[in-house]
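Contents: one structure, followed by commentary.
The values are calculated or read from the model by the stated rules, or taken from the named source; none is laboratory data. This is a predicted model, so every value here is computed, not measured. Cβ placement follows ideal geometry from the backbone for every residue including glycine, while neighbour counts extend to all protein chains displayed. These accessible areas exclude ligands, DNA and RNA; they are computed on the full protein's heavy atoms, side chains included. Shrake-Rupley method; radii C 1.70, N 1.55, O 1.52, S 1.80 Å.
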Amino acid sequence: MGLIERLRNAFAGYRRKAGPLDAEELRIAFRGRYHQFKLLLNANNRALEIMAEMEEALKGSWPFGMHFVRARCTSVAASVFQMAKHLNELAPGPYEGLFERFREIQKKINPYIAAAIRSREGPLVVSLNEVDRNTADLVGGKMANLGEMKNRLSLNVPEGFVITAQAYFRFMEASGLQSEVDRLIQATDAERLDAFFALSASIQQLIIGSPLPQDLEQAIVEHYGILEQKVKRNVAVAMRSSALGEDASGASFAGQYRSLLNIRRENLFQAYREIVASKYGLTAMTYRLNRGIRDEDVAMCVGCLAMVDAEAGGVAYSRNPLRPGDDAVVINSVLGLPKSVVDGSGAVDIFTISRRKEPREVQKEIAIKDTKFLCYPDEGVCRIEIAGEEGGRPSLTDDQALEIAAVSDALEEYYGAAQDVEWALDKIGKIVFLQSRPLQQRGGEGAEVPSEIKKELKDSVLLTGGVTASGGAGAGAVFIVRKDMDALSFPEGGILVAEQALPRWSPLLSRAAAVVTEQGSLAGHLGNVAREFGVPALFGVRGAVLRLGDQQEITVDADSRVIYQGCMDSLVRTSAKRKGLMEGSPVLETLSGVSQHIIPLHLLDPESPGFMPARCRTFHDITRFCHEKAVHEMFEFGKRHRFPERSSKQLLCDVPMQWWILNLDDGYLEEEEGRYVRIENIVSIPMKAIWEGISAFPWEGPPPVDGKGLMSIMFQATANTSLVPGLKSSYANRNYFMISKNYCSLTSRLGFHFSTIETLVSERSSENYISFIFKGGAADFERRLKRVLFVGDILEELGFRISIKEDTLLSRMEDRDMDFMKGRLTALGYLTIHTRQLDMIMLRTPSVDHYRAKMTADIAKLIGVQNQSSPPLYTV
């Protein structure tokens, strides 16, 4: 064998070995990028959720302390840093400046939250007379609310004292109790329910069996003695949990912790230990785990209130909890202690008092009550049967119901939000208030029209439901935005209506009276900016784009989630914001201070030259920048990596073109041994959607060409020999798929035009995106430009965001659900095949109109098939 032949064989062997290695390197690169992309999106969602919590707290409608502020600042900083880290791992180099911006912003936040180290000083027990909204860090939200009611509103609240968070830390740190609890938690597999149950029992037994520090016992005895002087000797007390974070908006911990009734002096210490131990009850631990609340963030305070031996008791809702638009006060009441109302163990009387009628009327539904709870003479409570006619008598008189309703109204006005109020009627007929917390009202879709809406308003209802992203009411003319060009015509005072709550509509908010979208959530960027601007926003309103017409006058009541025909001046006039409970407090001022470096969004336009790390002034800016650039970097994967032909397989199909497949990860049902792969063996969700469009309608061949079009093609082929099919060039007539189960990159050359589709489609909408690039052609520039404009119009109607540079079309879409994305990919597959050589007829209007009508009809059929579970989003 000669030298030349040996070299040729050696080189061939090298090439055979190099092919699989190239493919494996490509697979590793893809998996690494995809992993970083998903981690970044998870951090993005956490950051936006925390910012939404902070914005809600800025309303001041519920008491909170520095514990809340520090915890949110720490959590949002961790999430934002993770986003910057994952973006730099996704694309090393160009985004390192984000870390410097992060450090600068963090430096501005730190002075507000300094002194996070817990002081060893401070009262172990305080009188309820010393408690108000500013002491939530010390006594917990429940007791802070109660102290506010007693000391600021002068309501009839029992005398009492509070065993503080400082006492809790003192108890848990004594004898290494907290360290042992931490050890038990760390050693338990939280995924196993049986192990979780055993952990709960072990910790509770450990706490109940531990002695209290002597100074804590002395403080409790001292304050109990003061309570005896105010009430009576050996006074019985109700001992109620008041953990930090309990009764906060959106995290009430309702029923998670213990409260013990009718406790005497000799059992104060034991009752306190049992309530502290209830922090580690199975339901409480599961609740914190599911809500992502750290164990160390919950300190258990305990209120000790003089026991009310109640004739009747219950709960009042200042609004109907099932229909937020119904502003009637609803009272649930029973005979005896309110325990059976709270735990749902017995029949209750229901009293409904409307705000809209004067004098106020009381509507009653009196139940037959067969049991009630009473205090034992010595200690504890008992449940007894009700005999005779007593069970059928009302538990309240009309005057008593009206008094409770009036106080519920006043509490809602004071706190600035609907309230859940617990009360009791004592032996001498006085109403005593035991608790007030934010009412957890039903949200979500399909809300009914409130029954109390005046008839003239009810007849004008157009749509109901959705999610309140920003409260208030606004009226104006509907303006439906579908593409970027629409924004240029958006009028001052218009109602912005769109399919999606996209960040790109943010610049319009300064001119909008209200916003309505068919999709979106309050944690999204647009919702954040709407709240910052004070623009009413209602997201998730099904059918809004179809039901609302351009220039139609409407009123959007975001609070009640109702859209009316015409301008409802009465709603708009009463939409003024109410003063929040925490307004003016040092804690709220601190939250406001840190929020200015976290929440505002300045980077609104990704196309602006100022969209860069150096312009990030807040954590929200960094979040927005990282999300935008992460999607961009994923778009670039297929473009930056050469397709390794030697490691690919040819697709066996009926479409008369060459299609080559590289499996990056899990795109095949089974691994193929030979050179070919069948479409039945491919499980890539996006590729199969594209292929549906490619193979759905046979290509009818080139359109008829006039003389000028033919001369244009001949000239271009002469000027650029790479376009001549008979010559070898880098534009070989092949089409390449790189796939995994959820990812696909298609590089296609069909005739004289070139296109790429890069997409990720999964069940998580926040990860989904499509990038489509279309360029080239055999005709002159004018015809090529008209073709990309033709394709761009179709894509904009399908909801794509497009930009055109010379004869190149770039389009993108993201954050839509799987079925929607599959439909759009099918449309792209169709366009990839059926726009071949259309540039040749782009100067002939009748031909253009013919192909536009045909393609529109074909795509409508395809998307109609793929979206049959919901109304078509694209119609002819």
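One table, with the values for the structure above:
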| item | result |
| --- | --- |
| Given charges at beta-carbon only (K, R positive; D, E negative), |dipole| of the stretch 309-428 in Debye | 360 debye |
| Residue-normalised accessible area of the stretch 305-430, expressed per residue, 1.4 Å probe, Å² | 45 Å² |
| Under-5 Å amide H pairs with SER470, H placed in peptide plane, nonlocal only | ALA537 |
| Average accessible area per residue (Å²) across the stretch 201-245 - probe 1.4 Å, nucleic acids and ligands excluded | 47 Å² |
| Computed lengthening from ASP569 to SER608, 0.36 nm per intervening residue step minus Cα-Cα distance | 10.2 nm |
| Set LYS59/LYS85; LYS85/LYS107; LYS59/LYS458; LYS230/LYS427 screened for pairs whose C-alpha atoms are more than 24 Å apart | LYS59/LYS85; LYS59/LYS458 |
| Difference of contour (0.36 nm per residue) and Cα-Cα distance, ALA347 to GLU492 | 46.8 nm |
| Estimated distance in nm for a label pair at GLU672 and LYS861, the labels positioned 7 Å out from Cα along Cα-to-Cβ | 2.8 nm |
| Amide proton proximity set for ILE598, modelled H, under 5 Å, gap of 5+ | PHE619 |
| Scattering curve values for the stretch 785-836, log₁₀ I(q)/I(0), Debye with Cα scatterers, q = 0.15, 0.21 Å⁻¹ | -0.40, -0.76 |
| In nm, spacing of pseudo-spin labels at ALA114 and GLU361 (7 Å Cα→C-beta vector) | 6.2 nm |
| Sulfur and carbon atoms: percent of accessible area, the stretch 804-870 [1.4 Å] | 50 percent |
| Calculated FRET efficiency for the pair THR371/ASP550, C-beta based, R₀ 60 Å, to 0.05 | 0.45 |
| Estimated dipole of the stretch 776-835 in Debye, rounded to 20 [Cβ of Lys and Arg +1, of Asp and Glu -1, Cα centre] | 140 debye |
| Euclidean distance between Cα centres, the stretch 348-368 to the stretch 554-571, Å | 28 Å |
| Potential extension, GLN106-ALA853 segment - 0.36 nm per residue separation minus Cα distance | 263.3 nm |
| Estimated translational D of the stretch 139-214 in µm²/s (Stokes, Kirkwood radius over Cα pairs; 20 °C; 1.002 mPa s) | 142 µm²/s |
| Where labels lie 7 Å past Cα in the beta-carbon direction, separation of ALA78 and LYS805 in nm | 4.0 nm |
| Other-chain or far-sequence residues with amide H under 5 Å of ALA236's (modelled H) | MET307 |
| Pairs beyond 19 Å (Cα-Cα), from LYS775/LYS822; LYS38/LYS741; LYS775/LYS854; LYS805/LYS854 | LYS775/LYS822; LYS775/LYS854; LYS805/LYS854 |
| Set of aspartates and glutamates near LYS629 by C-alpha distance (under 17 Å), chain-local residues within fewer than 8 positions excluded | GLU89, GLU96, ASP605, GLU607, ASP621, GLU758, GLU767, GLU814, ASP815 |
